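Below: the structure, in structure tokens.
Read the figures in this text as sums done on the coordinates, not as results from a lab. These figures come from a predicted structure and were not determined experimentally. For neighbour counting, all protein chains shown are included, and Cβ atoms are generated from backbone atoms with ideal geometry for every residue, glycine included.
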Amino acid sequence: MTQSVAPLALEARGLAKSFQNGPTSVNVVRDLDISVRVGAFTLIKGPSGCGKSTLLAMLAGLTQPDSGVVTARDTSLWSLPTKARDAFRLAHMGFIFQGSILLPSLRAREQIAFVLREMGMPRHKADTMARSSLRDVGLGDRMEMLPAALSGGEKQRVAVACALAKRPSVIFADEPTSALDSENGQLVASRLRDLARQSGAAVVCVTHDDRLTPFADSILRMEDGRIIGTQTREIAPI
Ligand SMILES: Nc1ncnc2c1ncn2[C@@H]1O[C@H](COP(=O)(O)OP(=O)(O)OP(=O)(O)O)[C@@H](O)[C@H]1O
């Protein structure tokens, strides 16, 4: 693997986070720097409890760091007031988190259209995008189903379709393939990689799943709250 030259989509410097565990304070992320490139599919791997999800939540504007700076699209995320940070996330970021929550009363198609409408997309376009994204993740025949009628893996793919439909600058994914069988795991991995390539999104994915490794442009190894190794390859069009 050689060093990529694509511009940065997301950068963090000096990130730190500790949690109080009874009388002791546990340093979960320690003075961590990270750079994520436009169009790159970046995996963060490491043992359970090393701080991967905490790092992702800080990069995504969801968990406030104790110190450090996160910059996305030239915006210092944690300098924004809460409402402005929420609006920035809605406009520019997509999320695929473990156990992503779907609204119980909305059909699969409506879940996605709802988010797109919140972003200001006209109704007809939102519906078209929702249908197309569901077909992209192999759920063309599940569009009219309520969450209660979907399997865990299908719900996970609705969350993936929703993130894809937004066409965000950055997608954060936490174990996006955990509930998926081999075929659908491959499908989701390739869709995320395609999104990075075709629309220049930066995909940042925390995972234990080795099936994702062949799709990655960059693999960051994390241990004990720090990045201890990085493998990067040049980003070539697919
Ligand atoms: N809100 C919280 N309060 C207290 N401790 C927390 C909190 N969130 C995370 N931790 C602790 O921080 C450490 C890192 O958690 P984190 O979820 O970031 O790890 P991880 O690398 O993503 O683990 P896994 O691979 O098992 O999901 C763990 O010891 C966890 O218990």
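Which one of these is within 27 Å of R89 (Cα to Cα), part of a helix (DSSP H, G or I) and within 16 Å of the ligand (Cβ to nearest atom): L212, L220?
So the residue among L212, L220 that is within 27 Å of R89 (Cα to Cα), part of a helix (DSSP H, G or I) and within 16 Å of the ligand (Cβ to nearest atom) is L212.
When only residues in region 40-65 that are within 12 Å of the ligand (Cβ to nearest atom) and assigned to a strand (DSSP E or B) count, which is surrounded by the most Cβ atoms within 10 Å (Cβ to Cβ)?
I44
If you take the residues of region 66-79 that are assigned to a loop (DSSP other than H, G, I, E, B) and in contact (Cβ under 8 Å) with a residue 12 or more places away in the chain, which of them is farthest from the chain's Cα centre (by Cα)? Spell out the reasoning first.
Residues of region 66-79 assigned to a loop (DSSP other than H, G, I, E, B): 66, 73-74.
Still in the list and also in contact (Cβ under 8 Å) with a residue 12 or more places away in the chain: 66, 73.
Numbers: D66: 22, R73: 16 Å.
By that ranking, first place goes to D66.
So is A126 touching a Phe, Trp or Tyr at 6+ places or on another chain (Cβ under 9 Å) and either of a type in the set (K, R) or in contact (Cβ under 8 Å) with a residue 60 or more places away in the chain (or both) or not?
Working: touching a Phe, Trp or Tyr at 6+ places or on another chain (Cβ under 9 Å): yes; either of a type in the set (K, R) or in contact (Cβ under 8 Å) with a residue 60 or more places away in the chain (or both): no.
Here the answer is no, as A126 does not meet what is asked.
Taking the options T128, T177, T230, name whichever one is among the hydroxyl-bearing types (S, T, Y) and part of a loop (DSSP other than H, G, I, E, B).
Numbers: T128 fails: part of a loop (DSSP other than H, G, I, E, B); T230 fails: part of a loop (DSSP other than H, G, I, E, B).
The unique qualifying residue is T177.
Does R37 fit the bill of being closer than 17 Å to S67 by Cα and either surrounded by fewer than 20 Cβ atoms within 10 Å (Cβ to Cβ) or more than 13 Å from the ligand (Cβ to nearest atom) (or both)? Break it down into steps so the answer makes sense when it comes.
Details: closer than 17 Å to S67 by Cα: no; either surrounded by fewer than 20 Cβ atoms within 10 Å (Cβ to Cβ) or more than 13 Å from the ligand (Cβ to nearest atom) (or both): yes.
The answer is no for R37.
Collect the residues in region 54-105 that are basic (K, R) and on the phi > 0 side of the Ramachandran plot, keeping them in residue-number order. It would help to see each step written out before you state the result.
Initial filter on region 54-105 (basic (K, R)): 73, 83, 85, 89.
Listed by number, the list holds a single entry, R73.
Residues are listed down the side, and each one gets a yes or a no for (1) aromatic (F, W, Y); (2) over 25 Å from V38 (Cα atoms); (3) without any contact (Cβ under 8 Å) to a residue 40 or more places away in the chain; (4) in a helix (DSSP H, G or I):
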| position | (1), (2), (3), (4) |
| --- | --- |
| F95 | yes, no, no, no |
| Q98 | no, no, no, no |
| L103 | no, yes, no, no |
| L106 | no, yes, no, no |
| R109 | no, yes, yes, yes |
| V115 | no, no, no, yes |
| S132 | no, no, yes, yes |
| L139 | no, yes, yes, no |
